[in-house]
Every structure is written in structure tokens, then in C-alpha cells.
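A short reminder: the numbers here are calculations on the coordinates, not readings from a lab. These numbers were taken from a predicted model, which means no experiment stands behind them. Here Cβ is always computed from backbone atoms with ideal geometry, including for glycine, and neighbour counts include all displayed protein chains.
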Amino acid sequence: MTLTRRRGLQLAGAALAAPALCLTARAETWPSKPIKAIVTLSAGSTIDIVARMTLDPLSRLIGQNIIVENRPGAGGTIAGATVARSDPDGYTVLINSSMHSATPVVYPKLAYDVARDLSAVAALGSSPNVIVVPPSAGYKTLQDFVAAAKRKPGGVTFGTAGVGSATHVSTERFRYAAGFPGVHVPFRGMPEALVEVMTGRVDFSCSSIAAALTFVRDGSLVALAVTTPKRCSALPDVPTTTELGYANSDYTFWTGMFMPAKTPRDIVEKMNAETQKALRTPGLAERLSQEGVDVMPITPAEFDALIRTEIANTFALVKATNINFN
């Protein structure tokens, strides 16, 4: 091999290695400046509360401020598109809920792909939706309610936080598993929906636990079941829908963190590790539990796989029931 050719190959190899070396160096020095966390819902929402409770100790661990920016609208897709298009350098993260997995079904013409353009980083916590009815209805068990729902002409009414919301998807999933008809009554948020349930103008709701917990505790609503596979620490005496015999009715409402898909994996893994440490901050798990949220330790790869499964399940639900999320 001539000296000139050998030198050319060396230069070519160095050029190929340079990006990898650059990414490694960037991962080792990250974070060197504040991080922006874009939240898909408004201040005071469940995911906003969970995010702020977690990001505070996380910022101390990584030694940088994490600036929370609420950017609600269009089912979280405004915030999602912003982060998907941002520089993949680890300084812009998305905080979204399980409605992230419903996005491809509800918004099939989006300019970004939820599974392809965003990488899961860490789950901040999970909570059930809780099936609630007004005390005046007199239902003692979920089976009592389902039996009555099957008999009601035209179907029972159910209130949600809007078309395509996590509360909508979870209700349809349970309703299909239980086999009764229903009429969707969408609201701008769960507070408005729950008021209508409390008054009896709407028959039931599969509400986020954060929105319903106070009303369940003071007796304004009756909790018949929760939708997670396991019972919730905030309502330990309330059974799950699956333990009551409704197969494939479970739905977990989670809050999670995402980065652009091309973010170096070293940064994704480091952020996950630091987030897990933050969630072990003394007293934080107890404070989250008071909000009806349980910690959800999961790796980025496991989280990505969970999202792909949830997307497939939602598409299957739509195909089986002809639900219109538009």
C-alpha cells in the first residue's frame, strides 16, 4: 500500500470517528446549561404537578436549572411537535402523559411521528383512572353499574376531558371490555365533567384520579374501580377493573419525559438515571402518593416498547369498536 493511500485511509477513518467522539464528549459534559421542559398541559394539571415535583430535585442533582414551559393545545401535539423539531442535544425535553400514545390515532396527519421522532427518557409516575358515579345513583359495586348500563335505553352517558383524551380512551377501553353502550359527553377538562357527574346529569366518568380524589374522599363521588393492573396506594380499598373480571380493561395513566429521537443515547440514559435518583428523594414518593401517583421505574427501552404497545392497542380498539376520535 502506498504512503499516500495509507494516509488517505487514515484520514477517512478519522473523519468517520469524529462524530462519535464528538457525541461521547458531548454526553460526558452534559448538561452544561439550563434545560427547557415543555409540558403539554396547563399549569395545575396532573402532569404539570407531577413534573414540577420531580424536576425540582432533578435540577439539583444535575446542577442545572430546568425551566418549565407550559404549552397546551391540540391534545399535546403543539408541544410534541416543538420538541420533535428541536436540536437533539439534551437541552429540550417534553413532558407528556399517556395521551402521547393516543396521538397517532387521534391525529393521523401529524407532521411528526410519536414513536419515530421522540425517544422515551423516563416515566415520572403512574396513576389509575377511577370509575366514579354520583352517590344518588345508589350503585354499590362496579357489577351493579354495568348491569344497569346494559339495561338503559340508548346507553349511559360518560364525561371525559375531551375527544381523544386519556380519559376518553380509558373509558372506551373499559366500556368495550364490559360490553355496554354509552354516549360520550366531552368537556374542556375533568373538573367540569365531574361536576356534571356529581349532579347526576352525566351517569359516570373514568376520571384521572388526581381530579377525582378529593371528591371521592369527601363522599361527593363514589369510586367503583380503578383501571390500573394493581390497586392504587391512594385508594387501597377500591378494586381494579381486571380483578373484577373485565379482561383487557386496564389503562394506566402515566406522566413521562421525552427527547428528540436523535439525542445521543448516553444523554438519554444519563437523564433516566438522574431522574430515577430524583424520584428516590426522601418524601417525594409519599407526596406523589397523596396525589394518587405511584413511582414507575422503567428503562428508556422498556418505556419505548410500552408506548409502541399502547399505540397498537389503541388502533385495535378503534378497529374493533369504530370509535371516532375526530
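For a quick check: with amide H placed at 1.01 Å from N, whose amide H comes under 5 Å from V39's, ignoring anything fewer than 5 positions away on the same chain?
Amide H neighbours of V39: E69, N70, R71, I95.
What 222 nm value per residue comes from the helices of the chain, counting each DSSP H run with n ≥ 4 as -39,500 (n - 2.57) and dividing by all residues, nearest 500 deg cm²/dmol?
Numbers: 12 runs with 150 residues, N = 326.
Result for the chain: -14500 deg cm²/dmol, rounded to the nearest 500.
Listed here are the pairs K152/K319; K109/K270; K150/K319; K36/K230; K33/K109; K36/K319; which of them are more than 30 Å apart at the Cα?
K109/K270; K36/K230; K33/K109; K36/K319
Which value in Å is the Kirkwood Rh of region 128-226 over different Cα pairs?
12.9
Could you let me know the centre-to-centre spacing of region 47-78 and region 279-312, using Cα atoms, in angstrom?
Measuring centre to centre over Cα atoms gives 15 Å.
Sort region 213-261 into rounded, prolate or oblate with this rule: let a ≥ b ≥ c be the square roots of the eigenvalues of the Cα gyration tensor; rounded if a/c is under 1.5, and if a/c is not under 1.5, prolate when a/b is larger than b/c, oblate otherwise.
Because a/c hits 1.5 or more and a/b fails to exceed b/c, region 213-261 counts as oblate.
About the Cα centre, and with charges only on the beta carbon of Lys, Arg (+1) and Asp, Glu (-1), how big is the dipole of region 128-226? Nearest 20 debye, please.
Numbers: 9 positive and 6 negative charges, 45 e Å.
With Lys and Arg at +1 and Asp and Glu at -1, about 220 debye.
Count neighbours as other Cβ atoms within 10 Å of each site's Cβ, and list the trypsin sites (Lys or Arg not before Pro) in region 45-110 that are DSSP loop with at most 16 such neighbours. Present the calculation step by step, with values, prior to reporting the outcome.
Numbers: sites: R52, R60, R85, K109; in loops: R85, K109.
Qualifying residues, ordered by number: R85, K109.
Quick check on the exposure proxy: order T171, T299 from fewest to most C-beta atoms within 10 angstrom.
T299, T171
Which one of I307, A285, A211 is farthest out on the positive end of the charge dipole of region 189-326, using unit charges on Cβ (Lys, Arg +1; Asp, Glu -1) and the Cα centre as origin?
Value computed over the given set: I307.
Could you list which residues have their amide H under 5 Å from that of N129, counting only those 5 or more apart in sequence or on another chain, with H placed in the peptide plane?
Amide H neighbours of N129: T227, T228, F253.
Percent antiparallel among DSSP beta bridges with both residues in the chain, to the nearest 5?
55
Identify which of S97, S205, S42 has the largest mean-square fluctuation in a Gaussian network model of the chain, with springs joining Cα atoms closer than 10 Å.
Checking each option, the largest mean-square fluctuation is seen for S42.
Using modelled backbone amide H atoms (1.01 Å from N, in-plane), which distant-in-sequence or interchain residues come within less than 5 Å of T157's amide H?
When sequence neighbours closer than 5 places are left aside, the close amide H contacts are V183, D203, F204.
Dipole size in debye (nearest 20) for the chain around its Cα centre, Lys and Arg Cβ +1, Asp and Glu Cβ -1?
That gives the chain a dipole magnitude of about 780 debye.
Can you tell me the alpha carbon radius of gyration of region 202-326 divided by the globular rule-of-thumb value 2.2 N^0.38 Å? Let's see the in-between values first.
Values: Rg = 17.2 Å, N = 125, 2.2 N^0.38 = 13.8 Å.
The value comes to 1.25.
Run through region 212-261 and list the trypsin sites (Lys or Arg not before Pro) located in a DSSP loop whose Cβ has at most 14 other Cβ atoms within 10 Å.
K230
How would E286, E172 line up from fewest to most surrounding beta-carbon atoms within 10 angstrom?
Result, fewest neighbours first: E286, E172.
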